[in-house]
1. Conditions: (1) more than 8 Å from ligand 1 (Cβ to nearest atom); (2) open to solvent by less than 10 Å² (accessible area, probe 1.4 Å); (3) assigned to a strand (DSSP E or B). Pro73 meets all but one. Number of the miss?
2. Among the residues of the stretch 86-112, write down those that are within 28 Å of Ile228 (Cα to Cα) and either in a helix (DSSP H, G or I) or among the charged types (D, E, K, R) (or both).
3. Within the stretch 261-278, can you find the residues that are away from ligand 2 (no atom under 12 Å from the Cβ) and within 16 Å of the chain's Cα centre (by Cα)?
4. Just need a number here: residues in the stretch 86-123 that are crowded, with 22+ Cβ neighbours inside 10 Å, within 12 Å of ligand 2 (Cβ to nearest atom) and of a type outside the set (Gly, Ala, Ser).
5. Working only within the stretch 172-181, note down all residues that are open to solvent by 30 Å² or more (accessible area, probe 1.4 Å) and either in contact with a Phe, Trp or Tyr (Cβ under 6 Å, 6 or more places away or on another chain) or away from ligand 1 (no atom under 14 Å from the Cβ) (or both).
6. Residue check: is Glu210 under 23 Å from the mean Cα position of the chain (by Cα) and more than 24 Å from Val348 (Cα to Cα)?
7. Among the residues of the stretch 181-194, is there at least one that is touching a His at 6+ places or on another chain (Cβ under 7 Å) and under 18 Å from Ala81 (Cβ atoms)?
8. Name the strands (runs of 3 or more DSSP E) wholly within the stretch 242-315 that hold at least 2 residues that are buried (at least 19 other Cβ atoms within 10 Å of the Cβ) and touching a helix residue (DSSP H, G or I) at 6+ places or on another chain (Cβ under 9 Å)?
Amino acid sequence: MILVTGGAGFIGSNFVLDWLAQSDEPVVNLDKLTYAGNLANLVTLDGDSRHIFIQGSIGDFALVARLLSEHQPRAIVNFAAESHVDRSIHGPEDFIQTNIVGTFHLLEAVRGYWQSLADEPVRQECERSSGEVSSKQSFRFLHVSTDEVYGSLATNDPAFSESNRYEPNSPYSASKAASDHLVRAYHHTYGLPVLTTNCSNNYGPYHFPEKLIPLVIHNALAGKPLPIYGDGQQIRDWLYVKDHCSAIRRVLEAGTTGEVYNVGAWNEKANLDVVLTLCAMLDELRPRSDGKSYKAQITYVKDRPGHDRRYAIDAGKIERELGWKPAETFDTGIRKTVRWYLDNPAWVENVTSGAYQNWVGKQYGSRS
Ligand code: NAD
Ligand code: DAU
């Protein structure tokens with residue numbers, strides 16, 4: 001049994017789906033179901049007794065303590081967070097509450113649970129643990145973090161390695177940096193067996209259409225502007241979400257406690273190039289009815305305040321030490337992604353109703 005937090009969000013839901021496709025070890029999924037958490041992502045698990053969904057917050061100490069005591073997980077993977085940089089600029093409060101205070105309460109509940117476990121591995125054969133070992137020694141807390149904690153790179157700087165200094169620039173990245181420090185401190189102070197992964201920009205199925213790639217696909221098909229912040233020459237390093245999931249599984253299985261692993265797929269791209277690639281792919285797969293290219297919808301808008309210029313991940317450590325490699329190139333991953341959005345208009349319709357509409361109005365009222 002493992003506990004996943006934030007498992008109804010973009011990466012978390014991909015992780016839960018992949019986990020249960022590859023093993024019968026059950027998952028308790030704790031998610032607050034904010035605007036970014038959607039049970040529509042997990043609909044294929046309806047009626048599957050290996051998936052136990054609980055709506056609630058990582059900041060609810062009593063709830064988390066009860067779940068841990070009841071289910072006795074051998075590992076926790078913490079995805080739960082507020083994740084969108086633009087939202088953190090417009091309103092940092094939720095980021096502080098969930099990413100910092102929430103992570104603190106989660107760690108406190110986990111510390112109590114972990115200290116209550118037996119010292120040595122004990123083989124358990126109860127129905128829910130499926131024979132997996134649950135002990136103080138074998139327990140793992142894997143914290144999912146971001147490359148944004150390292151700040152911004154200049155054009156010729158080497159890619160971020162695990163020894164780069166933390167220099168977060170947005171309220172989002174500062175809140176993630178704070179949570180990383182708490183996780184680290186719980187290892188050094190209490191001995192909690194933690195692992196931290198810092199990864200680059202994910203893309204793929206179930207990505208909420210406020211983020212660049214799904215937003216551009218969604219807006220293109222809806223005949224809306226494709227907003228490029230500033231000059232569009234900012235660089236992000238793209239990782240297909242299923243590759244991120246396989247990296248997390250590998251770190252959970254073989255990572256050294258207290259260590260940090262950067263995860264990336266060596267795919268640095270300027271934002272404008274990503275948008276042009278998406279336009280070309282849509283021109284091929286779903287041409288506009290007027291015969292023009294989707295490029296005609298590209299619109300330059302005011303830049304994001306404090307916009308980081310370049311991120312790039314050096315994934316050498318996880319590749320060398322744990323033998324992990326991404327399966328997708330950017331070309332194969334982006335094609336799968338565009339096809340997924342074209343094949344799943346009902347999912348997009350579902351998640352873009354309600355709270356999302358209010359957010360789009362608020363943001364672009366002051367930008368375009
Ligand atoms: P997301 O916004 O799509 O999903 C976050 C999930 O967390 C949602 O399901 C939401 O309901 C849930 N959540 C929010 N607050 C909660 C709380 N207090 N308690 C329980 N659940 C809560 O985010 P994502 O893109 O899937 O990112 C997952 C994690 O990976 C985050 O920690 C993020 O910082 C990190 N990360 C994301 C990326 C990326 O490119 N998306 C890259 C690097 C790291
Ligand atoms: O690097 C990892 C991070 O990647 C994660 O930690 C974050 O949770 C995740 O949201 C993502 O952050 P970014 O800010 O890089 O992602 P976003 O999709 O918001 O933006 C990607 C780039 O595209 C960024 O340079 C801003 C730009 N952009 C974004 C949007 C939404 C645009 O030019 N236009 C847009 O409309």
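1. For Pro73, the failing item is (3).
2. Step one: list which residues in the stretch 86-112 are within 28 Å of Ile228 (Cα to Cα), which gives 86-96, 99.
Within the stretch 86-112, Asp86, Arg87, Ser88, Ile89, His90, Glu93, Asp94, Phe95, Ile96, Asn99 meet the criteria.
3. Within the stretch 261-278, Tyr261, Ala265 qualify.
4. 2
5. Across the stretch 172-181, the qualifying residue is only His181.
6. Numbers: under 23 Å from the mean Cα position of the chain (by Cα): yes; more than 24 Å from Val348 (Cα to Cα): no.
Taking the combined requirement at face value, the residue does not satisfy it.
7. Keep residues of the stretch 181-194 that are touching a His at 6+ places or on another chain (Cβ under 7 Å), which gives 183, 194.
Cutting the leftovers down to under 18 Å from Ala81 (Cβ atoms) gives us 183, 194.
Checked the stretch 181-194: at least one residue is touching a His at 6+ places or on another chain (Cβ under 7 Å) and under 18 Å from Ala81 (Cβ atoms).
8. Working: elements: 260-263, 268-270, 298-301.
Ranges flagged: 260-263.
The values are calculated or read from the model by the stated rules, or taken from the named source; none is laboratory data. Predicted model only: the values in this text are computed from it and were never measured. All Cβ positions, even for glycine, are placed from backbone atoms using ideal geometry, and neighbour counts span all protein chains on display. Each accessible area value is taken on the protein alone, full model and side chains, heavy atoms only, with ligands, DNA and RNA left out. Shrake-Rupley method; radii C 1.70, N 1.55, O 1.52, S 1.80 Å.
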